[in-house]
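Here's the structure, in structure tokens; my notes come after.
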Amino acid sequence: MSIRVYNTLTQHKEPFETIEPGKVGIYLCGPTVYKPSHIGHAVGPIIFDVIKRYLIHRGYDVQFVVNITDVDDKLIEEAAAQDTTVPVLAERITAMYLDSMARLGIDTIDEMPKASEHIGDIVDLIQRLIGKDAAYVSGADVYFDVTKDADYGKLSNRKQDDQTAQRDVAGEEKRNPGDFALWKGCKPNEPAEVRYASPWGEGRPGWHIECSAMSIRYLGETFDIHGGGLDLIFPHHENEIAQAETATGKTFAKYWFHNGLTRFNTKKVSKSDAAMQDALKKMTLGTLLDSYGGELLRYFVISTHYRRPIEYSDAELESKRKGLSNFHRLFERIERVCGTTVYTDPTAGSDEWAAAPASEFADFAKDVERFAEQFFSAMDDDFNTAAATAACYELNTRINRFVEEQKLESGGSASAKTVAYAAARKLMDLGRLQGLFMSPPESRAGGDEVVDKLMAVLIDARARAKKAKQFDIADAIRDQLTDAGVTLEDRPDVTLWRMN
Ligand SMILES: [Zn+2]
């Protein structure tokens, strides 16, 4: 089956056909680095990281570019408010962003161009537009004339009459209300570090032209996929198309992907508690990573199809924590049963499943193949990571059942163990296409002597209660530990514990 993708430009799912066979260029609008990111800023990078991993698996050579907007009015305002300079602020916030990307396991980005380092490309593009009479100088500013782009509005389906809502430099001379700034002349009291030289005097570029210039620089005048959040369709992406296509006379991006926005689910939070809701919205990506870790946040994001809104709540994240830990518990179980780790080097390929004596266990083999097929058809269908993850979950359950059916915890045949191991490896390979299961979870169990001793006391107390047939007490200990995030696992001769 071939890959089909939903294209915002056509509002249809289309067969995915790259401009150059075997090659894919992706440009994703990155952060404006004036304040720390929140969970919503991680959605695009996570989704496109998964898309790139999948496209590589399907044999494509993928170039993935995410820009950094470090020249913008918001940076000037925020730097002034913090009594610092724009470059210092930009550097600090960019470093935080890169740290979050690394903790989320996003290592597929090839280029992260900064607007401040591409002023020459931006000026050149503006000059091309002026040369075509599609842009004009007005005072110290340069504007794009939207009437010179016959199909302006094709991405957002807005007519030019609707464009008056666009906010640029108010009060300046514009030919049409919808015209937007390509270059903004400096205001008298602005600091030196935001004054860039240009043929139109000192100033700085508008946000939209930054992305057109940088995407063309790294991916060419026509490339395959342009992405961003749904809120960027208008005016940002509409204006990017207008600038680029008017300047080059070519199609800018063939496919436009837009991810859903994050909604903070307030139903599970007291509605009267405004402070709590406010705190949720302000929670930075760094804070969330401290609390939940990168793999769980990634799992949480990809459990929803990328075009749908993501409902954020602590309860939802806790439920995903349980879901994710079920996978790791299976991998640990298989390791215990087979005596070999399932967490092999992610860069090394594996083909255990093809070599395993699966035909001896025909029903199980059929199920494994079926869930793997479900995974691939979900990913082929507009990168439906939610359905792909669900297929992984079913495969996880099926392998656990196989371990029980074959009584592998207390023996079982060597061939059953080989097949169980190969199936777990297959599950791990599918997960790794989504950037999951790269390494064993950072277990919070062990390492802390006091916690280890306290857990031994509790497990012993529960065992004594069971022996005395005081099952209500034994169950209460287990339930209260579960509430505290500790899972007990009873083995024939020992009880294991882990913090989720
Ligand atoms: Zn952009």
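The values are calculated or read from the model by the stated rules, or taken from the named source; none is laboratory data. Since the structure is predicted, the reported quantities are computational estimates derived from the model, not experimental observations. With ideal geometry, Cβ positions are generated from the backbone for all residues, glycine too; neighbour counts draw on all protein chains shown.
Restricting attention to region 223-241, which residues are more than 12 Å from the ligand (Cβ to nearest atom), touching a strand residue (DSSP E or B) at 6+ places or on another chain (Cβ under 7 Å) and not acidic (D, E)? Quick ask: steps written out before the conclusion?
Filtering region 223-241 for residues more than 12 Å from the ligand (Cβ to nearest atom) gives 223-225, 230, 234.
With touching a strand residue (DSSP E or B) at 6+ places or on another chain (Cβ under 7 Å) added as a condition, the list becomes 223-225, 230.
Passing the criteria: F223, I225, L230.
Return yes or no: is R321 closer than 21 Å to L285 by Cα, in a helix (DSSP H, G or I) and modelled with pLDDT under 95?
Working: closer than 21 Å to L285 by Cα: yes; in a helix (DSSP H, G or I): yes; modelled with pLDDT under 95: yes.
Here the answer is yes, as R321 does meet what is asked.
Among the residues of region 205-222, write down those that are more than 12 Å from the ligand (Cβ to nearest atom), hydroxyl-bearing (S, T, Y) and not in a loop (DSSP other than H, G, I, E, B).
Scanning region 205-222 gives a single hit, Y218.
If W353 passes every condition in (1) at pLDDT 95 or above; (2) in contact with a Lys or Arg (Cβ under 6 Å, 6 or more places away or on another chain); (3) of a type outside the set (D, E, K, R) but one, which one does it miss?
(1)
Just to be sure before I move on: is A355 of a type in the set (A, V, I, L, M) and touching a strand residue (DSSP E or B) at 6+ places or on another chain (Cβ under 9 Å) in the structure I sent? Before the answer, list the steps.
Working: of a type in the set (A, V, I, L, M): yes; touching a strand residue (DSSP E or B) at 6+ places or on another chain (Cβ under 9 Å): no.
No: the conditions fail for A355.
Taking region 35-71, which residues are within 15 Å of the ligand (Cβ to nearest atom) and in a loop (DSSP other than H, G, I, E, B)?
N67, D70, V71
Inside region 116-143, can you point out the residues that are under 13 Å from T248 (Cβ atoms) and free of Cβ contacts under 8 Å to residues at least 24 places away in the same chain?
Matches in region 116-143: G131 only.
D479: acidic (D, E) and either closer than 27 Å to V337 by Cα or at pLDDT 85 or above (or both), yes or no?
Values: acidic (D, E): yes; either closer than 27 Å to V337 by Cα or at pLDDT 85 or above (or both): yes.
When the stated conditions are applied, D479 passes them.
Does region 391-402 contain any residue that is under 21 Å from D493 (Cβ atoms) and at pLDDT 95 or above?
Step one: filter region 391-402 for residues under 21 Å from D493 (Cβ atoms), giving 400.
Subsequent filtering for residues that are at pLDDT 95 or above retains 400.
Yes: region 391-402 contains one or more residues that are under 21 Å from D493 (Cβ atoms) and at pLDDT 95 or above.
State yes or no: is I47 touching a Pro at 6+ places or on another chain (Cβ under 6 Å) and more than 20 Å from E193 (Cβ to Cβ)? If you could, list the steps in order and put the result at the bottom.
Values: touching a Pro at 6+ places or on another chain (Cβ under 6 Å): no; more than 20 Å from E193 (Cβ to Cβ): yes.
So I47 does not fit the description; no.
With region 383-500 as the region, which helices (runs of 4 or more DSSP H) entirely inside it contain at least 3 residues that are under 30 Å from V301 (Cβ atoms) and touching a His at 6+ places or on another chain (Cβ under 8 Å)? Outline the logic, then answer.
Working: elements: 385-405, 414-432, 449-467, 471-483.
In region 383-500, 385-405 are the helices (runs of 4 or more DSSP H) which contain 3 or more residues that are under 30 Å from V301 (Cβ atoms) and touching a His at 6+ places or on another chain (Cβ under 8 Å).
Taking the residues in region 286-298 that are of a type in the set (A, V, I, L, M) and at pLDDT 95 or above as candidates, determine which candidate is surrounded by the fewest Cβ atoms within 10 Å (Cβ to Cβ).
First pass over region 286-298, keeping only residues of a type in the set (A, V, I, L, M): 288-289, 296-297.
After this cut, where a residue has to be at pLDDT 95 or above as well, the list is 296-297.
Values: L296: 22, L297: 24.
Filtering first and then ranking leaves L296.
Confirm whether I3 is under 22 Å from the mean Cα position of the chain (by Cα) and among the hydrophobic types (A, V, I, L, M, F, W, C). Can you show your working first?
Working: under 22 Å from the mean Cα position of the chain (by Cα): yes; among the hydrophobic types (A, V, I, L, M, F, W, C): yes.
When the stated conditions are applied, I3 passes them.
Residue-by-condition table, conditions (1) out of contact with any helix residue (DSSP H, G or I) (no Cβ under 8 Å at 6 or more places or on another chain); (2) under 19 Å from V62 (Cα atoms):
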{"residue": "S212", "(1), (2)": "no, no"}
{"residue": "R217", "(1), (2)": "no, yes"}
{"residue": "E221", "(1), (2)": "no, yes"}
{"residue": "G228", "(1), (2)": "no, yes"}
{"residue": "L232", "(1), (2)": "yes, no"}
{"residue": "P235", "(1), (2)": "no, no"}
{"residue": "E240", "(1), (2)": "no, no"}
{"residue": "T248", "(1), (2)": "no, no"}
{"residue": "G260", "(1), (2)": "no, no"}
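I'm told P113 meets every condition in (1) over 25 Å from A192 (Cα atoms); (2) crowded, with 17+ Cβ neighbours inside 10 Å; (3) under 28 Å from the mean Cα position of the chain (by Cα) except one. Can you identify the failing condition by its number?
(1)
Scan region 173-204 for residues that are more than 14 Å from S138 (Cβ to Cβ), away from the ligand (no atom under 16 Å from the Cβ) and among the charged types (D, E, K, R) and report the count.
Total meeting the criteria: 5.
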